[in-house]
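Undergrad: One structure, pasted below without further comment.
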Amino acid sequence: MEVTISNIRKEFDLYPALHDVSLNIRSGELIALLGPSGSGKTTLLRLIAGLEHPTAGQIFFGNEDASNRTVQERNVGFVFQHYALFRHMTVADNIAFGLTVRPRATRPAKAEIRRRAAELLDMVHLSGLEKRYPNQLSGGQRQRVALARAMAIEPKVLLLDEPFGALDAQVRKELRRWLREFHDRTGHTTVFVTHDQEEALELADRVVVMSQGKIEQVGSADDVYDTPNSAFVFSFIGSSASLPVERRDGMVFFQDQPIGLATDATGPAQLFFRPQDVALTSEGAALSGKVTASRRLAGARIAEIDVGNDGNAHHIEIEVPLDAVATLGSEIRFRPTRWEQFAS
Ligand code: ADP
Ligand code: MG
């Protein structure tokens with residue numbers, strides 16, 4: 001099912017949680033909504049579900065305007081971060097719940113419900129656990145039961161709100177791979193909310209980067225990491241260093257010194273680069289920083305440096321070769337090899 005979000009605004013008591021958000025989610029796509037806490041991810045998910053209604057704008061399921069459809073009519077499946085399975089129900093009954101509460105006319109027969117629950121349990125690799133209660137499962141198993149339960153109603157769209165957020169890092173990583181594989185097998189249109197960039201980049205076909213109720217960028221993991229289109233996306237995804245610069249006469253200046261970078265742009269900007277995208281140099285115009293700390297990586301070293309005049313220095317991190325001199329107080333001269341500038 002394709003989902004189209006068209007010029008959505010959402011206000012809570014005049015507080016705008018979403019401003020003019022538009023997004024097309026392709027049928028069968030696994031899309032991640034990625035952004036810091038408060039950026040509007042859950043609100044967008046709840047609007048898709050029909051748990052909230054937009055102040056303005058429309059939501060289409062396929063070609064049909066679903067804006068006024070109820071949650072049931074939209075037929076979406078949900079999993080939340082702190083998903084409360086029914087404690088007094090077995091795993092099988094939890095999974096079957098969405099089917100057993102259907103009106104009689106559309107409710108499958110008991111034997112059919114049992115068969116479907118067993119099938120779903122198999123799909124989430126938990127066969128044999130149907131008689132267990134939630135407190136007899138690990139956190140990761142519980143989230144897989146929650147997913148099976150969301151799938152039981154044969155949803156058109158699967159909505160997952162930080163489903164692994166409460167689990168420890170190792171289990172999260174396993175479930176992430178498992179979810180990707182599960183998605184590839186079942187092919188449901190899936191919207192996955194996370195504030196964890198690594199999770200979004202690894203899992204999703206496309207990543208929707210959100211900040212302050214707006215979509216900043218939509219693209220593949222490569223797009224948002226390699227060609228971030230704003231200062232926010234550059235600094236939110238991956239490690240980055242940033243310095244205020246001035247552009248004039250075809251050159252980039254930092255604190256009135258040319259730093260060996262050419263540009264056609266003019267005016268003040270913020271210069272961004274990744275710690276690994278620098279080359280040390282002893283000649284010509286370059287940036288220069290004083291080492292304040294350093295730490296070892298497997299094949300390189302991270303140097304923390306103060307760049308700029310005393311009293312107005314900027315603290316950044318760059319990656320240097322293991323044989324580079326990075327003792328405390330030493331001077332490192334370097335130029336970014338890949339960089340972006342965003343007018344400020
Ligand atoms: P996220 O999921 O990205 O952390 P949310 O969508 O939960 O962000 O929230 C976006 C903004 O909307 C936040 O500032 C939040 O406080 C506000 N908000 C969300 N739900 C409500 C609500 N029911 N009433 C008032 N404000 C809300
Ligand atoms: Mg949220």
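The values are calculated or read from the model by the stated rules, or taken from the named source; none is laboratory data. Only a predicted model underlies this, so the values are computations on that prediction, with no experimental measurement involved. A quick note on method: Cβ atoms are made from the backbone with ideal geometry, for glycine too, and the neighbour counts reach across all protein chains shown. Protein only, heavy atoms only, side chains kept; ligands, DNA and RNA dropped before computing areas. Shrake-Rupley method; radii C 1.70, N 1.55, O 1.52, S 1.80 Å.
Undergrad: Exactly one of (1) assigned to a loop (DSSP other than H, G, I, E, B); (2) open to solvent by 60 Å² or more (accessible area, probe 1.4 Å) is unmet by Ala265. Its number?
TA: It is condition (2) that Ala265 fails.
Undergrad: Would you say Ala17 is within 11 Å of ligand 2 (Cβ to nearest atom), surrounded by 15 or more Cβ atoms within 10 Å (Cβ to Cβ) and part of a strand (DSSP E or B)?
TA: Answer is yes for this residue.
Undergrad: Out of Ile59, Ile48, which single residue is in a strand (DSSP E or B), closer than 24 Å to Gly187 by Cβ and either within 16 Å of ligand 1 (Cβ to nearest atom) or open to solvent by less than 10 Å² (accessible area, probe 1.4 Å) (or both)?
TA: Sole residue among the options that is in a strand (DSSP E or B), closer than 24 Å to Gly187 by Cβ and either within 16 Å of ligand 1 (Cβ to nearest atom) or open to solvent by less than 10 Å² (accessible area, probe 1.4 Å) (or both): Ile59.
Undergrad: Pick from Tyr15, Tyr83: which is within 14 Å of ligand 1 (Cβ to nearest atom) and at pLDDT below 95?
TA: Within the list Tyr15, Tyr83, the selection yields Tyr15.
Undergrad: Name the residues in the stretch 181-228 that are among the aromatic types (Phe, Trp, Tyr), crowded, with 18+ Cβ neighbours inside 10 Å and out of contact with any strand residue (DSSP E or B) (no Cβ under 8 Å at 6 or more places or on another chain), would you?
TA: Phe182 - this is the single residue of the stretch 181-228 that is among the aromatic types (Phe, Trp, Tyr), crowded, with 18+ Cβ neighbours inside 10 Å and out of contact with any strand residue (DSSP E or B) (no Cβ under 8 Å at 6 or more places or on another chain).
Undergrad: Separate question: Among Ser39, Ser27, Ser6, Ser67, which is the only one that is exposed (fewer than 14 other Cβ atoms within 10 Å of the Cβ), of a type in the set (S, T, N, Q) and closer than 27 Å to Glu216 by Cα?
TA: Result of the check over Ser39, Ser27, Ser6, Ser67: Ser27.
Undergrad: Quick check on my filter: what residues within the stretch 163-196 are farther than 21 Å from Thr42 by Cα and either of a type in the set (Val, Ile, Thr) or at pLDDT 95 or above (or both)?
TA: If the condition is that a residue be farther than 21 Å from Thr42 by Cα and either of a type in the set (Val, Ile, Thr) or at pLDDT 95 or above (or both), then Val171, Thr186 are the ones that fit.
Undergrad: Looking only at residues in the stretch 286-320 that are touching a residue at least 40 places away in the same chain (Cβ under 8 Å) and farther than 17 Å from Pro244 by Cα, which one is most open to solvent (accessible area, probe 1.4 Å)?
TA: Among residues in the stretch 286-320 that are touching a residue at least 40 places away in the same chain (Cβ under 8 Å) and farther than 17 Å from Pro244 by Cα, the one most open to solvent (accessible area, probe 1.4 Å) is Lys290.
Undergrad: Within the stretch 99-134, can you find the residues that are within 30 Å of the chain's Cα centre (by Cα), in a helix (DSSP H, G or I) and surrounded by fewer than 19 Cβ atoms within 10 Å (Cβ to Cβ)?
TA: Across the stretch 99-134, the qualifying residues are Asp122, Met123.
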